[in-house]
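One structure is given here, and the rest of the page talks about it.
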């Protein structure tokens, strides 16, 4: 990782975008990684099947926090199916890193996994 990317990560880790609880949300979901202690809650507001707004709270390592922060910004306006199809390659592209060690993959993916769980919760409640 080059030096400018490192400082970008540090800044985003200290001041994550989309951080804090939404005042009005349709679903929230919590996720915890027992391997490293990352713990986040995601809040999602939907509008006609698309993500209108999203935020998160919690604590995690630099990779998990930066990944979730960038993910939140990238998926506003996207439909549920688009997010459901996202994978680790999409997360790597979002954060601008080609290689993530195997031990750090769970850190990079905890945000996306949490978002997907919250979207399933929205769909479940919509069917009821």
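Just a few scattered comments:
Listed here are the residues, each with its yes/no results for (1) farther than 19 Å from residue 10 by Cα; (2) in contact with a helix residue (DSSP H, G or I) (Cβ under 8 Å, 6 or more places away or on another chain); (3) surrounded by 14 or more Cβ atoms within 10 Å (Cβ to Cβ).
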| position | (1), (2), (3) |
| --- | --- |
| 61 | no, yes, yes |
| 71 | no, yes, yes |
| 83 | yes, yes, yes |
| 88 | yes, yes, no |
| 97 | no, yes, yes |
| 107 | no, yes, yes |
| 110 | no, yes, yes |
| 116 | yes, yes, yes |
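- Complete set of residues in region 4-23 that are loosely packed, with under 11 Cβ neighbours inside 10 Å and touching a strand residue (DSSP E or B) at 6+ places or on another chain (Cβ under 6 Å): 20
- Whenever a residue of region 69-81 is over 20 Å from residue 16 (Cα atoms), its partners that are assigned to a helix (DSSP H, G or I), lying with C-beta atoms within less than 8 angstrom and at least six residues away or across chains, give the pairs 80/119; 80/122; 80/123.
- Only one entry in 103, 121 is part of a helix (DSSP H, G or I), surrounded by fewer than 21 Cβ atoms within 10 Å (Cβ to Cβ) and touching a strand residue (DSSP E or B) at 6+ places or on another chain (Cβ under 6 Å), namely 121.
- Failed criterion for residue 44 (all others in (1) buried (at least 22 other Cβ atoms within 10 Å of the Cβ); (2) touching a strand residue (DSSP E or B) at 6+ places or on another chain (Cβ under 9 Å); (3) within 20 Å of residue 12 (Cβ to Cβ) hold): (3)
- Here the condition is being within 15 Å of residue 122 (Cα to Cα), at pLDDT 95 or above, touching a helix residue (DSSP H, G or I) at 6+ places or on another chain (Cβ under 8 Å) and surrounded by 17 or more Cβ atoms within 10 Å (Cβ to Cβ); of 75, 51, it holds for 51 alone.
- Any chance residue 110 is in a strand (DSSP E or B) and touching a residue at least 60 places away in the same chain (Cβ under 8 Å): no
The values are calculated or read from the model by the stated rules, or taken from the named source; none is laboratory data. What you see is a predicted model; the values in this text were computed from it and never measured. Cβ: placed from backbone, ideal geometry, glycine included. Neighbour counts: every protein chain shown.
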